[in-house]
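For reference, the structure is listed below as structure tokens.
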Amino acid sequence: MLRSPAFLATLTFLAVALGARVAQAPWTEQFPGSYPRVHAPADARFEFLPDEIRIHLDEETKSGRIIVFAHAADGSLLGLLKPIVDGAVTVRRGDLADYRLAVRGREVGEHRLLKAMDRYVEREDMLERILDARAKGLRFGVQRCLYPICNRCLDGCKSVMRGDFPISMRVGERGNVEPVFAKGSCPRCGKCFVWCPSGVIRDSGSLTN
């Protein structure tokens, strides 16, 4: 009986009908019910040597990399992505900045990547920029957030929201660039803290993150 043509036809019809019903069912986003929180800026001690700057970090980042930045007198911020080795980062003479970012107070403007493929379209020696910022009383330091080289948190938010994004980039009190959130419009989807490669954005509902 289980192999009869009528039984097999009925079974096939039920499978097709069930598949069609599942395909037509509306898909809904699953929210974990947790707001993101931003990790505090990285603490570092700068050691100025004749031809290099040794930056000693209090803790590692999730990605094992960090941005070294320096503000310039023209209102821009120059940044260099560096690997962390044994809890420290070294900036040597000839290390060129990866990007230039326009800043106005705490507002973040357009950015320009200074390296295209295998060449630099603009050469800015990061050691010289840090020394210049130090001499002029401008801000310099390190930041966990890899923006604008990394935009994963913004991309995750845009994949859920359709405008009025709750996440944006701002200049922090130490001069570093970091994400900020408008909690009233945050959908709590969790993509920003799941996708963040550096652990800058964390799950506020978990004390272990």
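The values are calculated or read from the model by the stated rules, or taken from the named source; none is laboratory data. All values derive from a computational prediction rather than experimental measurement. Cβ atoms come from the backbone with ideal geometry, glycine included; neighbour counts cover every protein chain shown.
Residues that are surrounded by 14 or more Cβ atoms within 10 Å (Cβ to Cβ) and either among the β-branched types (V, I, T) or within 19 Å of the chain's Cα centre (by Cα) (or both) within the range 116-139 comprise just one, I130. Across the range 77-88, the number of residues qualifying as touching a Lys or Arg at 6+ places or on another chain (Cβ under 6 Å) and buried (at least 22 other Cβ atoms within 10 Å of the Cβ) comes to 1. Inside the range 130-143, residues that are without any contact (Cβ under 8 Å) to a residue 60 or more places away in the chain and in a loop (DSSP other than H, G, I, E, B) make up a count of 1.
Answer with yes or no whether A44 is modelled with pLDDT of 85 or more, outside the structural domain of G184 (by TED's automatic domain parsing), surrounded by fewer than 10 Cβ atoms within 10 Å (Cβ to Cβ) and more than 23 Å from G190 (Cβ to Cβ). Answer is no for this residue.
Checking the conditions here, which among L127, L101, L146 is in contact with a strand residue (DSSP E or B) (Cβ under 9 Å, 6 or more places away or on another chain) and either more than 15 Å from G79 (Cβ to Cβ) or assigned to a loop (DSSP other than H, G, I, E, B) (or both)? Testing whether each residue is in contact with a strand residue (DSSP E or B) (Cβ under 9 Å, 6 or more places away or on another chain) and either more than 15 Å from G79 (Cβ to Cβ) or assigned to a loop (DSSP other than H, G, I, E, B) (or both) leaves just L146.
Of the residues A102, A97, the single one that is buried (at least 16 other Cβ atoms within 10 Å of the Cβ), assigned by TED's automatic domain parsing to the domain that holds F46 and either at pLDDT 95 or above or not charged (D, E, K, R) (or both) is A97. If you go through the range 150-209 and keep only what is part of a loop (DSSP other than H, G, I, E, B) and basic (K, R), you end up with R162, R174, R188.
On the basis of being within 17 Å of the chain's Cα centre (by Cα) and among the aliphatic types (A, V, I, L, M), does L101 make the cut? The answer is yes for L101.
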